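Engineer: Below are the structure tokens for one structure; questions will follow.
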Amino acid sequence: MKPQTATAPGKIILFGEHSVVYARPAIAVPVFQVHAEALIAPCDDARVLIRACNLAREYALDDAPPNDPLALIVRLTCARLNVAPRHFSVTMRSTIPPASGLGSGAAVSVAIVRALARYFARDLARAEIAALAFETEKLHHGTPSGIDNTVIAFEQPIYFVRGQPIETLRVARALTLVIADTGVAAPTRIAVGDVRRAWEHDRARYESLFDEMGAIARAARDALERGEVETLGELMDANQVLLRAIGVSSPEIETLLAAAARAGARGAKLSGAGRGGNVIALVDTVTQDEVARALQAAGARRVIVTRLEGG
Ligand code: PMV
């Protein structure tokens with residue numbers, strides 16, 4: 001057996017976070033500037049050894065706690081490939097900051113599934129990889145929509161509706177986005193749980209806010225497919241107003257959004273669960289550097305510029 005590695009990118013949600021949990025559409029795209037990497041190597045020890053380099057942890061599969069996502073994905077993938085989990089090590093590294101809306105948990109799972117499939121010389125369809133990673137998303141999120149594991153397994157822009165066949169998106173004109181980290185780690189499970197409680201308390205109001213978010217995601221899909229960049233910026237701002245209304249923005253997020261707007265971004269919003277994590281700003285070649293600088297000056301912990309190729 002030869003050692004094998006595989007990677008998986010990060011992701012951002014362009015439109016529809018939270019409402020996607022309630023079966024409204026959302027749009028997500030991969031972010032290749034950050035990634036998770038899994039290395040599977042043979043080992044003399046009969047056990048499976050897991051090394052999570054970012055967490056400086058090393059443990060045997062059999063000693064992992066029941067809710068350990070790395071152990072779960074290794075077990076599920078071995079079962080799917082019909083191989084015994086024995087005599088190999090799994091080494092994980094990731095440049096994706098955790099709990100920041102960039103899909104770190106899903107990327108780690110997808111990288112492990114891909115590396116194991118390669119190690120055992122097997123092919124898995126992208127939809128199967130996404131389905132395996134979805135099982136670990138449940139540990140991270142509680143009630144995940146499945147958008148993170150899907151966009152990361154497909155590595156393409158997607159239009160996602162929970163429980164429906166996956167649709168990849170054609171982006172007509174290249175787009176540049178600046179991603180800025182508030183530096184506040186905000187676990188998805190907490191924001192999603194708070195929104196659920198608020199929805200239970202006032203279903204009519206929340207259903208109507210989710211409807212508006214869904215309508216924005218549908219309009220954004222048309223704008224992406226027609227290359228209407230200006231409209232996309234406006235839709236991002238409109239989506240942020242609704243995200244604020246459901247209570248998932250934060251002072252740190254608002255500070256960064258205001259800085260991006262002042263520096264000339266076409267539109268900006270939080271991305272992912274909110275309360276912290278990352279914001280995204282739609283820019284053009286003229287405003288890109290100015291917006292990136294403004295975000296840094298406003299306190300962004302790190303800034304990534306990513307481009308969605310069009311055509
Ligand atoms: O993992 P995050 O922070 O990108 O959040 C995922 C998006 C949510 O819509 C908030 C949750 C979900 O499961 O879709």
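The values are calculated or read from the model by the stated rules, or taken from the named source; none is laboratory data. Here the structure is a predicted model, which is why all the values come from computation and not from measurement. Positions of Cβ are generated from backbone atoms using ideal geometry, with glycine treated the same way; all protein chains shown enter the neighbour counts. Side chains included, ligands, DNA and RNA excluded: accessible areas come from the protein's heavy atoms. Shrake-Rupley method; radii C 1.70, N 1.55, O 1.52, S 1.80 Å.
Engineer: Determine the order of Ile190, Ile253 by accessible area, beginning with the largest, at a probe radius of 1.4 Å. Provide the component values of the computation, followed by the final result.
Structural biologist: Working: Ile190 95, Ile253 0 Å².
Ranking Ile190, Ile253 by accessible area, largest first, yields Ile190, Ile253.
Engineer: Could I ask something else about it? Pop out the carbon and sulfur fraction of the accessible area of the stretch 111-166 as a percent, whole number, probe 1.4 Å. Please list the in-between numbers first.
Structural biologist: On the way: 1100 of 2200 Å².
It is 50 percent, rounded to a whole number.
Engineer: For the chain, take the longest principal axis of its alpha carbons; what is the angle in degrees between that and the long axis of helix 203-226, to the nearest 10 within 0 to 90?
Structural biologist: On a 0 to 90 degree scale, this one is about 90.
Engineer: Along the Cα→Cβ direction, 7 angstrom out, place labels at Glu155 and Val241. What is the inter-label distance in nm?
Structural biologist: Between Glu155 and Val241, the label points sit 3.9 nm apart.
Engineer: Can you bin the stretch 129-215 into rounded, prolate or oblate? Criterion: square roots of the alpha carbon gyration tensor eigenvalues sorted a ≥ b ≥ c, rounded for a/c under 1.5, prolate for a/b above b/c, oblate for the rest.
Structural biologist: On the way: a/c = 1.42, a/b = 1.32, b/c = 1.08.
Here the stretch 129-215 falls in the rounded category.
Engineer: Could you order peptides 291-297, 222-228, 8-14 by the average number of other Cβ atoms within 10 Å of their residues, highest first?
Structural biologist: Values: 291-297: 20.4, 222-228: 16.7, 8-14: 27.4.
Packing proxy ranking, top to bottom: 8-14, 291-297, 222-228.
Engineer: Please label the shape of the stretch 114-167 as rounded, prolate or oblate, based on the square roots a ≥ b ≥ c of the eigenvalues of the alpha-carbon gyration tensor (a/c under 1.5 means rounded; beyond that, a/b larger than b/c means prolate, else oblate). Spell out each step's value before the answer.
Structural biologist: On the way: a/c = 2.49, a/b = 1.41, b/c = 1.76.
Here the stretch 114-167 falls in the oblate category.
Engineer: Something else about it: Are there any GluC sites (Glu not before Pro) in the stretch 240-311 that are in a DSSP loop and have at most 13 other Cβ atoms within 10 Å? List them by number. Mind dumping the intermediate values first?
Structural biologist: On the way: sites: Glu252, Glu254, Glu290, Glu309; in loops: Glu309.
Filter output for the stretch 240-311: Glu309.
Engineer: Over the stretch 23-179, with the other protein chains present, what is the accessible area per residue in square angstrom, probe 1.4 angstrom? If you can, show how the numbers build up before the last one.
Structural biologist: Values: 6430 Å² over 157 residues.
The answer is 41 Å² per residue.
Engineer: Mind checking which of Val305, Val20, Tyr59 is farthest towards the positive end of the chain's charge dipole, using Cβ charges of +1 (Lys, Arg) and -1 (Asp, Glu) about the Cα centre?
Structural biologist: Tyr59
Engineer: Follow-up question, since we're still on this one. What's the angle, to the nearest 10 degrees (0 to 90), between helix 188-201's Cα axis and the longest principal axis of the chain?
Structural biologist: Taking the Cα atoms of the chain, the angle to 188-201 is about 60 degrees.
Engineer: Please work out how much accessible surface Met1 shows to a 1.4 Å probe, ignoring ligands, DNA and RNA, in Å² rounded to 10.
Structural biologist: Solvent-accessible area, nearest 10 Å²: 140 Å².
Engineer: Now for a separate question. Quote the charge dipole size of the stretch 31-96 about the Cα centre in Debye, to the nearest 20; the model charges only the Cβ of Lys and Arg (+1) and of Asp and Glu (-1). Don't jump to the answer; show the numbers that get you there.
Structural biologist: Numbers: 7 positive and 7 negative charges, 35 e Å.
The dipole of the stretch 31-96 has a size of about 160 debye.
Engineer: Which order do Asp63, Asp68 take when ranked by solvent-accessible area (1.4 Å probe, heavy atoms of all protein chains), largest first? If you can, show how the numbers build up before the last one.
Structural biologist: Values: Asp63 110, Asp68 10 Å².
Ranking Asp63, Asp68 by accessible area, largest first, yields Asp63, Asp68.
Engineer: Additional query: According to the square roots a ≥ b ≥ c of the eigenvalues of the Cα gyration tensor, what is the shape class of the stretch 205-311, taking rounded for a/c under 1.5, prolate for a/b larger than b/c otherwise, and oblate for the remainder? Intermediate results must be reported in sequence, preceding the final value.
Structural biologist: On the way: a/c = 2.17, a/b = 1.13, b/c = 1.92.
Taking the square roots of the gyration eigenvalues as a ≥ b ≥ c, the stretch 205-311 is oblate.
Engineer: A follow-up question, please. Quick one: helix 251-262 against the long Cα principal axis of the chain, what's the angle to the nearest 10°, folded into 0 to 90?
Structural biologist: Value to nearest ten degrees: 60.
Engineer: Please state the charge dipole magnitude for the chain, taken about the Cα centre, from unit charges on C-beta atoms (+1 on K and R, -1 on D and E), reported in debye and rounded to the nearest 20.
Structural biologist: Working: 35 positive and 34 negative charges, 91 e Å.
For the chain, the charge dipole is close to 440 debye.
Engineer: Now, a different point. So what's the back-of-envelope 222 nm ellipticity for the chain, counting only DSSP H runs of four-plus at -39500 (n - 2.57) apiece and dividing by all residues, rounded to 500?
Structural biologist: Values: 9 runs with 130 residues, N = 311.
Helices in the chain give a 222 nm mean residue ellipticity of -13500 deg cm²/dmol.
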